[in-house]
Amino acid sequence: MKRLINSIRLSEFNISFKSFEKKGLAPELIPEMENSISKFNEKLRKMESEQHFFDALLNRIDFGLLVMNSQNQVVWINKAALDVFGKPQPKILSDLEKVSKGLPEILNHLIPHETKIIEIIGNKKTHRMAATSIYFYTEGKSLKIISLKNIEIVLEVNESDAWKKLISVLTHEIMNSLTPIISLSDTFSEQHIDKPEMMAEAMQAIHRRSSGLINFVSNYKRLTQIPEPVKTRFAATEWMENIYNLLAAAGFQFKYDIEPENIEINADRAMMEQVMINLIKNACESSSSDIPPDVRVHIGKDACQRPLIRVSDTGKGILPEVMDKIFVPFFTTKSGGSGIGLSICRQIINLHRGAISVRSKPEKGTCFTIIL
């Protein structure tokens with residue numbers, strides 16, 4: 001019995017009790033003990049097989065995985081993560097300070113369902129990665145799994161697409177201003193027209209287009225000089241009341257609700273007011289008829305208890321073919337619009353490490369969602 005107990009304790013099951021009848025072991029216990037040892041062996045082989053399978057699987061995926069316990073000790077790490085971090089293998093989270101300054105703090109404060117873009121500079125190349133985390137519990141212990149996915153190719157493609165869209169809009173806007181100026185100047189230089197009234201009209205046209213081009217450049221400058229947000233904590237109820245009074249005085253009507261009422265937002269208040277005013281004004285101006293759209297603002301929390309803001313309307317909606325362009329600087333479907341309002345909104349939300357998205361159906365309405 002002591003031999004059996006030691007085998008279980010040490011997980012060593014290469015033993016047999018077939019000859020132990022001569023040593024005094026009751027004959028009826030021999031098959032039972034042999035069967036028990038056989039079952040233990042079978043389970044052990046199955047567990048080892050599963051462990052080998054999952055180790056092989058997790059070491060062949062193309063993104064890094066890091067498992068930490070509550071003391072920030074690295075419990076497990078896969079090959080993809082080691083390829084990024086290099087050797088020696090980190091034992092505790094603070095070891096990653098040698099890999100990239102500030103990386104341990106970023107990973108330590110990473111909350112579930114949050115995505116952070118991090119940059120790791122290695123010996124041969126720079127890795128831009130999306131870091132996410134989840135928690136799970138095993139044997140009464142809390143473990144944190146961090147995934148690191150290389151997004152270099154995705155970012156390069158998106159960056160290339162963004163540049164193409166921006167250049168297309170810039171070219172269109174600049175050509176719209178320069179073409180009439182060049183045309184008028186060519187006409188007067190070639191024909192030597194000596195009519196003061198026509199000359200005055202031409203000069204006015206050139207002045208209007210030149211002023212428009214200057215405004216365009218000024219807007220571009222505004223777009224590239226948004227400062228870092230100075231965050232404070234403020235009550236959403238009082239904040240929305242101020243925005244409501246401000247827009248109501250300017251003739252913009254909307255409804256808002258806050259659930260729960262005691263929600264506080266940690267953000268740059270002035271910047272977020274600029275975002276809300278822009279979105280609400282756009283929503284109020286979204287109707288294609290004389291009937292004003294029903295504009296509503298909802299402030300609540302998402303599944304991860306992060307502040308969530310929705311601005312919705314029942315207006316004409318956004319056409320599918322322009323949906324991917326609405327955040328592109330200087331793109332606008334409104335007559336006389338500058339096309340920088342939504343671009344500034346997205347930049348402000350990005351500076352807050354948040355996200356802004358949009359859903360829309362033509363003639364049904366539009367809904368912008370912000371998560372901070």
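The values are calculated or read from the model by the stated rules, or taken from the named source; none is laboratory data. Please read these numbers as outputs of a predicted model, since none were measured by experiment. No Cβ is skipped: glycine too gets one built from the backbone with ideal geometry, and neighbour counts run over all protein chains shown. Heavy atoms of the whole protein, side chains included, go into the accessibility calculation; ligands, DNA and RNA do not. Shrake-Rupley method; radii C 1.70, N 1.55, O 1.52, S 1.80 Å.
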Margin query: Using Cα-Cα distances under 8 Å and only pairs 6 or more residues apart, what relative contact order does the range 36-139 have, in percent?
Written below: 15
Check: Pro31: net charge of surrounding residues, Cβ under 14 Å, Lys/Arg +1, Asp/Glu -1, itself excluded?
Finding: -2
Next item on the list: Provide the per-residue ³J(HN,Hα) series for the range 101-108, in order, calculated from phi with Karplus coefficients 6.51, -1.76, 1.60 and θ = phi - 60°, each as a whole number of Hz, with x at glycine and proline positions.
Entry: 4, x, 4, x, 5, 4, 5, 5
Next item on the list: Enumerate the whole-percent occupancy of each 5 Å bin, from 0 to the last occupied one, for all C-alpha pair distances of the range 219-308.
Entry: 3, 12, 20, 21, 18, 15, 8, 3, 0
Margin query: Residue by residue through the range 238-250, what is 3J(HN,Hα) from phi via Karplus (6.51 cos²θ - 1.76 cosθ + 1.60, θ = phi - 60°)? Round to whole Hz and write x for glycine and proline.
Written below: 5, 4, 5, 4, 5, 5, 4, 4, 5, 6, 4, 5, 8
Notebook entry, point to check: Quick one: which of Lys281/Lys316; Lys255/Lys281; Lys116/Lys301 span more than 18 angstrom between C-alpha atoms?
Noted result: Lys116/Lys301
Note to self: Taking amide H atoms as placed 1.01 Å from N in the peptide plane, list the residues 5 or more away in sequence, or in a different chain, whose amide H sits under 5 Å from that of Val74.
What the structure shows: Ile92, Leu93
Checklist line | Accessible surface of Lys141 - all protein chains present, 1.4 Å probe, nearest 10 Å² | finding: 130
Next item on the list: Provide the solvent-accessible area of His298, counting protein heavy atoms only and rolling a 1.4 Å probe, rounded to the nearest 10 Å².
Entry: 60
Next item on the list: Determine the dipole magnitude for the range 224-313: charges of +1 sit on the beta-carbon of Lys and Arg, -1 on that of Asp and Glu, nothing else is charged, the reference point is the Cα centre, and the result goes in debye to the nearest 20.
Entry: 200
Next item on the list: Please list the non-local residues whose amide H lies under 5 Å from the amide H of Ser287, H modeled 1.01 Å from N, same-chain partners needing a gap of 5 or more.
Entry: Lys316
Notebook entry, point to check: Along the range 354-365, what does the Karplus equation 6.51 cos²θ - 1.76 cosθ + 1.60 (θ = phi - 60°) give for ³J(HN,Hα), rounded to whole Hz, x for Gly and Pro?
Noted result: x, 9, 10, 9, 9, 10, 7, 10, x, 6, 10, x
Margin query: Which chymotrypsin sites (Phe, Trp or Tyr not before Pro) in the range 78-142 sit in a loop by DSSP (not H, G, I, E or B) and have at most 12 other Cβ atoms within 10 Å of their own Cβ?
Written below: none
Check: Are there GluC sites (Glu not before Pro) in the range 37-135 that DSSP puts in a loop and that have at most 16 other Cβ atoms within 10 Å, and which ones?
Finding: Glu114
Check: In the range 7-54, which trypsin sites (Lys or Arg not before Pro) are in a loop and have at most 15 other Cβ atoms within 10 Å, using DSSP for the loop call?
Finding: Lys18
